[in-house]
Amino acid sequence: MQRFVSIALIVVGLGLAMLGLLAGLFYLGLPVVSPDARYDLLQINTVAMAVLAVSGGAGSVLAWVGWRRYSGAASSAAHLPSPWWLVLLFLLALAVGEAVLQTNVAPWLFPPVHVIASMAAPLFLLALAASLLRPSGLVVQRRDVALQVAGGAVLATGLAIVIEVILVALLALAAALIVALTPGGSARLETLVAQLSRPEVLSDPAFLQSLLSSPLVLIGAGLVIALGAPLIEEFSKSVGVVLIAAGRARLTPGEAFLWGVAAGAGFAITETMFNVVTVLPAWGGPLMLRSATAVVHCLAAGLMGLAWQAWLSGERRWRLPALYGLAVVIHGLWNGVAGLASVLQAQGTLNANLLVGAGGTLLVFALAGLFVINSGLFVYIGRRLGQPPVMALAPLPVESTVTPEV
């Protein structure tokens, strides 16, 4: 089984690395191939760099890990940098990126800065978890940590996207059937299809307002964002932990938690890198929001690591559904509050309704509260798992009593 996994890592990794290289070159060449089309060069160059970093970089790591495992090469212990160096790196990248965007000086510098900033916050959480677990004497292999980060970045995200697309398609089909069965439903569906066939309709305030006012749209979107996505993503992030842990004689809770955090960090890197680039030239605010979301990804994935460790060890297997449920609740609550805040703020802007917009602002403060709670829970779990092992005291030697002869 493990030999098959190693070969699969080599093949998939090399394929992803090649795909990332070709896709990155394709994006860079778009303005040359179609010079008459209007392109945002900053966005194109940033997307190209992100594709090269995620698909090319993570694919290369997967292939390297697969080859090392296949050849039986020994792996050295992972030595992660101090988390505070990564905080400094994030702040520096944030400052440089904003300076480039505001002044338009050296725009070529922005794509690599965006990649660095997107990676810094998730890797900070990984380094923080490792430092919290260090007092327990935990030693993890560099190869295992690299595999989980790379797998979370490309394999988990790819699996999650495929399942989510299928889920959205099924929900859209179900909604269309429900509408079609209502009086006048067929005509409404034809009108909607005609509207969606025009790209400019997505910038029409009246059309957007009709979507935001539709109970069917809001309920469907809420189910996908607050329930479907967390269920799918937390499962997807944990697949790598299960595949590698299955070949181990024993996996400690600390190791399982760190593996999960590593997978969550990889997932958060990809999500941040591609989600933030879609809202350019706005960058600093969305980047900080996605960096806060990295806490949710790493915490929930760490809980999934603990869940699978309990199941595979055969001890307290009830923890798998319990911790899976907790991870989904944490993720779903964050997604739900963030999504509702976005809807209220959008409605307030479209309707010029200050009260509705203020409700969205209050939910942003609620999101900040969730960030503090999730961060505290992350540190608490890390400290509990990182407690030094209790050393049993050796019994004191019993002094022999010799009765003197009379």
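Some values worked out for this structure:
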read-out	value
A50 modelled with pLDDT of 85 or more and either in contact with a strand residue (DSSP E or B) (Cβ under 7 Å, 6 or more places away or on another chain) or not assigned by TED's automatic domain parsing to the domain that holds G302 (or both)	yes
Any hit, the stretch 292-309, residues being closer than 19 Å to V96 by Cβ and of a type in the set (V, I, T)	no
All positions within the stretch 76-115 that are of a type in the set (S, T, N, Q) and closer than 30 Å to R143 by Cα	S76, S82
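The values are calculated or read from the model by the stated rules, or taken from the named source; none is laboratory data. Remember, predicted model here, so these are calculated numbers, not experimental data. Please note: Cβ atoms are built from the backbone with ideal geometry, for glycine as well, and neighbour counts cover all protein chains shown.
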